[in-house]
Amino acid sequence: MSESRSLEPEKKSEGFRQGAVLTVTMNARGPDDPADPEHAGELSRKLQEWRVEPVIPADFQREVWHRIAARQAEPFWRPLTAWLEGMAARPAAAMAFVLTGVAAGLMVGREKAQVAAVESWRVLEERYAHSVNPASRHVDYVNHLNHSVE
Amino acid sequence: MKRLAAILLLGLIAACVSFGVCYRLALAPTVEIASKSDAELEWLRSEFHLDATQFAAIQKLHHDHAPRCEQMYRRIRSVYERADHLMEASHQVTPELDQALKECSHLDDECRRESLRHAFAVAAHMSPKEGDRYLRLMRARIMEPGVVRHVAAAQIRR
């Protein structure tokens, strides 16, 4: 039984093209059978002779500059949106975002309610003062007249 | 991108809903007091921690004082308006204007006396600590109503 496997490196990786192709023939009775001590030496010799010589493509430099130019032409928010999209794909991050929205809403709501409550409290106090002190009410009336003159 | 937009929208809705709920809940006690017919008395009850007996006594005092207060307000307004007309009519201190100014002063004094009398009566029904705080607030408002009208009861502590 004979099995043939082709070990081919990636065709193109970050601009480098690796042209070396190694074909190893696995044959239980063949000369490259590692279990066969007679042929182990031959396999070792072949492996030692094997050299990978990366071939830099002719347009490598141009392509690098092209990529740099393309990156620079991208809008400045693109990395941010890309990061957000990446985060949105993770359920935990999405849940954290929603919970942050809830927490922010609670905090702002509480703060605004306190401000509104203080103002309402001040108005009620004013009303009480007017109800027991006619002079206070009169001062308000005079202030109202002054404002209308202005 | 759609997923991101959906999550942003969901977060925004969650924030708005939690804001609304928190705002309404936190403001509910104040809104409840302000919506009552005797809101100013309810404010007094809440601000000075009055129990039912104290509140009933003070409420009676308040309702007894209200007609006198209203009558005095009308008198004050009438006298001040007369003085104002006289000042407009003549740029001199005429005997009529002099008389009107005296009436203004007299009414101011009477008003202070009446209001202080009422404030002392109200404070007498409160606990000593709260009564003292109430009087500090009212003294300021009665003696110089135009100056300290912005002073809040919450600012007068101990």
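Bear in mind that the values in this text are calculations on the coordinates, not laboratory data. Just so you know, these numbers come straight off a predicted model, no measurement behind them. Every residue, glycine among them, receives a Cβ derived from its backbone with ideal geometry; neighbour counts consider all protein chains shown.
Computed from backbone phi, the HN-Hα couplings of segment A:126-139 come to 4, 4, 5, 4, 5, 6, 10, 10, x, 5, 4, 5, 5, 4 Hz, rounded to whole numbers (Karplus: 6.51 cos²θ - 1.76 cosθ + 1.60, θ = phi - 60°; Gly and Pro given as x). For B:Phe48, no residue 5 or more places off, or on another chain, has a built amide H under 5 Å of its own. Taken along the Cα-to-beta-carbon direction at a fixed 7 Å, the label points for A:Met87 and A:Ala103 span 1.3 nm. Quick one: plug the Kirkwood hydrodynamic radius of segment B:70-130 (C-alpha pairs) into Stokes-Einstein at 37 °C, 0.692 mPa s, and report D in µm²/s. Translational D for this selection: 246 µm²/s.
Computed FRET efficiency, Cβ-Cβ of B:Val21 and B:Lys129, R0 41 Å: what is it to the nearest 0.05?
Result of the calculation: an efficiency of 0.70.
Summarising the label geometry, the points placed 7 Å from Cα in the beta-carbon direction at A:Phe76 and A:Ser44 lie 6.3 nm from one another.
In the structure shown, the pairs B:Lys60/B:Lys129; A:Lys112/B:Lys2; A:Lys112/B:Lys129 are assessed against 25 Å; a Cα-Cα span above that value is assigned to A:Lys112/B:Lys2; A:Lys112/B:Lys129. Couplings 3J(HN,Hα) for segment A:113-125, derived from phi with the Karplus relation 6.51 cos²θ - 1.76 cosθ + 1.60 (θ = phi - 60°), are 5, 5, 4, 5, 5, 4, 5, 4, 5, 5, 5, 5, 4 Hz, where x marks Gly and Pro. Across segment B:38-54, coupling constants 3J(HN,Hα) worked out from phi with the 6.51/-1.76/1.60 Karplus curve, θ = phi - 60°, read 9, 4, 5, 6, 5, 4, 4, 4, 6, 5, 10, 6, 7, 8, 4, 5, 4 Hz, and Gly and Pro carry x.
Please work out how much length the chain gains when fully extended from B:Phe120 to B:Arg77, using 0.36 nm per residue of separation minus the C-alpha to C-alpha distance, in nm with one decimal.
That pair, B:Phe120 and B:Arg77, stretches by 13.0 nm at full extension.
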